[in-house]
1. Suppose the filter is surrounded by 11 or more Cβ atoms within 10 Å (Cβ to Cβ), outside any loop (DSSP other than H, G, I, E, B) and not aromatic (Phe, Trp, Tyr); does Ala85 pass it?
2. Sort through Asp98, Asp128 and tell me the only one that's within 22 Å of Pro48 (Cα to Cα) and not hydroxyl-bearing (Ser, Thr, Tyr).
3. Taking Val40 as the residue in question, decide whether it is of a type in the set (Val, Ile, Thr), surrounded by 13 or more Cβ atoms within 10 Å (Cβ to Cβ), modelled with pLDDT of 95 or more and out of contact with any Phe, Trp or Tyr (no Cβ under 7 Å at 6 or more places or on another chain).
4. When you scan the stretch 115-124, do you find a residue that is closer than 22 Å to Gly37 by Cβ, in a helix (DSSP H, G or I) and in contact (Cβ under 8 Å) with a residue 24 or more places away in the chain, even just one?
5. Tell me which residues, restricted to the stretch 20-42, are out of contact with any Ser or Thr (no Cβ under 8 Å at 6 or more places or on another chain) and hydrophobic (A, V, I, L, M, F, W, C).
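The values are calculated or read from the model by the stated rules, or taken from the named source; none is laboratory data. Just so you know, these numbers come straight off a predicted model, no measurement behind them. Glycine gets a Cβ as well: all are built from the backbone with ideal geometry, and neighbour counts include every protein chain shown.
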Amino acid sequence: MPSAITLPRRATASRRPFPAYGRQIADLRKQGMRPAGESVFVRLDTWPPRKRPAHLRFPQVVVSDEAEPAALSFAFLDDLDVLVAHWRSKSEPRRLRDLLREILTANPRRLIVLDVEHEKHWWVKSVDRGVEVSL
């Protein structure tokens with residue numbers, strides 16, 4: 001009878017940690033649930049303000065300035081609309097690109113970047129055209 005061989009485990013998306021507040025959404029997705037608005041708001045390098053409304057339109061997750069986007073799991077964003085809030089004064093362009101690449105691997109339905117300081121937005125992925133920019 002051949003002996004069992006133990007292979008080293010690879011770090012998969014499911015074994016990577018979630019961004020802040022992401023575990024709650026991932027747990028609900030495992031139960032077959034989806035956010036009511038079908039959207040998730042991802043904040044890059046910025047925490048929600050202390051004085052915020054009790055009820056938010058979209059669930060929010062935070063990629064803190066200490067976390068590398070490539071080290072986090074975004075699998076819970078599969079087939080959801082994702083809005084990434086970005087403050088140019090707080091994040092390097094490289095971090096935004098890294099975050100967008102990681103989110104795209106989760107296959108969101110739509111991916112939009114909001115430049116909060118300049119009040120602009122960019123489509124990264126749409127339903128009709130798919131991925132619209134190269135990262």
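1. Working: surrounded by 11 or more Cβ atoms within 10 Å (Cβ to Cβ): yes; outside any loop (DSSP other than H, G, I, E, B): yes; not aromatic (Phe, Trp, Tyr): yes.
Yes: the conditions hold for Ala85.
2. Answer to the selection: Asp98.
3. The answer is no for Val40.
4. Within the stretch 115-124 (the criterion being closer than 22 Å to Gly37 by Cβ, in a helix (DSSP H, G or I) and in contact (Cβ under 8 Å) with a residue 24 or more places away in the chain), the answer is no, since none of the residues qualifies.
5. Of everything in the stretch 20-42, those that are out of contact with any Ser or Thr (no Cβ under 8 Å at 6 or more places or on another chain) and hydrophobic (A, V, I, L, M, F, W, C) turn out to be Ile25, Leu28, Met33, Ala36, Val40, Phe41, Val42.
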